[in-house]
1. Let me have the 222 nm mean residue ellipticity of the chain computed from DSSP H runs of 4+ only, each contributing -39500 (n - 2.57), with the sum over all residues rounded to the nearest 500.
2. Given Lys149/Lys197; Lys76/Lys291; Lys121/Lys148, which pairs have Cα atoms separated by over 30 Å?
3. For the stretch 1-157, just the Cα set please: Rg and Dmax, both in angstrom.
4. As an exercise, identify the trypsin sites (Lys or Arg not before Pro) in the stretch 252-301 lying in DSSP coil whose Cβ has no more than 13 other Cβ atoms within 10 Å.
5. Carbon-plus-sulfur fraction of the accessible area of the chain, 1.4 Å probe, in percent?
6. Which of the chymotrypsin sites (Phe, Trp or Tyr not before Pro) across the stretch 48-146 are loop residues per DSSP, with 13 or fewer other Cβ within 10 Å?
7. Please report the orientation-averaged projected area of the chain, defined via the convex hull of its C-alpha atoms, in nm².
8. Among DSSP bridges having both ends in the chain, what percentage is antiparallel? Round to the nearest 5.
Amino acid sequence: MGFAIISPGRDVTKWRESLMRHMPNLDIQVYPEISAPERVEAVLLWQHPKGILREFPNLKLICSMGAGVDHILSDKDIDPSLPISRVVDKGLTNPMTNYVLMGILAYQRQLSRYQNNQKTKTWDMSNPELDITVGVLGVGALGGDVVKKLQVLEVPVLGYGNSPKNVSSYPYYYGTQLQDFLDKVNVIVCMLPLTDKTTGFLNIDFFRSCRKGTYLINVARGSHLVEEDLLTAISEGCISGAMLDVFRQEPLPKEHPFWETPEITVTPHIASVTNPDAAVPQILENYNRIKSNKPLLNTIDRNLGY
Ligand code: OXD
């Protein structure tokens with residue numbers, strides 16, 4: 001009995017090798033070569049074909065290859081009693097935080113302005129720093145780390161989430177307090193989980209509620225953003241610019257206007273990429289725990305969607 005790795009179109013060699021290194025006798029089948037579905041007790045998924053999990057009569061555990069689980073929950077055919085785990089790991093959190101810090105600091109210190117000035121050999125020492133207060137949307141494992149590290153840098157930071165949270169180390173807002181939160185920040189970092197509630201959260205009403213000239217960083221999911229609304233918001237001046245790592249369609253199509261919008265920085269979903277060697281120990285730990293009926297690590301709440 002063992003694992004199936006299902007991630008169509010991606011090279012999963014490193015995942016397979018890492019699983020084998022950590023548990024040499026593990027039975028691993030890699031999609032689409034799954035000849036013995038009855039031997040599959042756990043699946044490791046990224047963008048699996050919807051409905052495929054019904055083919056595994058002995059399935060006991062579903063693992064995401066990354067931090068997000070929206071790609072799993074969008075499959076409405078999954079048995080609701082099966083536990084779903086995601087990767088929570090420093091190897092995923094640190095690069096994500098560093099990417100966000102890079103975006104915030106490049107904006108605050110106006111890196112693109114100096115890059116443009118260099119092209120025209122312009123020496124302009126005026127206003128070298130912008131006054132910023134950062135608002136992090138979604139302060140779970142990843143967003144919480146961004147807040148913590150911004151505090152070390154003494155950058156003012158606030159958090160916003162779906163539900164009340166007992167936090168005293170930074171101002172936290174939730175639910176209907178969104179406008180209060182938006183009134184206080186001028187850099188917004190989207191780190192929300194993608195759920196029915198958060199799809200399209202970054203839309204024109206949201207942008208028009210922001211302080212004029214707010215800067216946006218989205219490292220969560222492309223579907224949080226109504227892409228054409230961002231272009232409208234930039235042309236209206238409510239948003240001054242954005243750094244985007246995720247898009248509704250990936251790879252971002254060549255004809256997409258974001259490529260040519262000077263206020264937008266595009267990166268190709270690289271803010272944080274799971275390192276199989278870092279993630280596999282917690283995945284196998286859960287596999288062992290399932291067998292011995294112990295509580296699992298890093299599982300999600302199906303009702304909340306994260
Ligand atoms: C993830 C991702 O969810 O890479 O880990 O987007």
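The values are calculated or read from the model by the stated rules, or taken from the named source; none is laboratory data. Note that the structure is predicted; figures quoted are calculated from it, not measured. Note that we place each Cβ from the backbone using ideal geometry, even for glycine, and neighbour counts take in every protein chain shown. Note: accessible area is taken over every heavy atom of the protein model, side chains too, but ligands, DNA and RNA are not part of it. Shrake-Rupley method; radii C 1.70, N 1.55, O 1.52, S 1.80 Å.
1. Details: 9 runs with 93 residues, N = 306.
When only DSSP H runs of four or more count, the value is -9000 deg cm²/dmol.
2. Lys121/Lys148
3. Reported Rg and Dmax, both Å: 22.2, 69.
4. Passing sites in the stretch 252-301 are Lys254.
5. About 51 percent, which is the carbon plus sulfur part of the accessible surface.
6. Working: sites: Tyr99, Tyr107, Tyr114, Trp123; in loops: Trp123.
Taking the stretch 48-146 and a limit of 13 other Cβ atoms within 10 Å, the loop chymotrypsin sites (Phe, Trp or Tyr not before Pro) found are Trp123.
7. Average of the hull's projected areas for the chain equals 17.8 nm².
8. Of those bridges, close to 5 percent are antiparallel.
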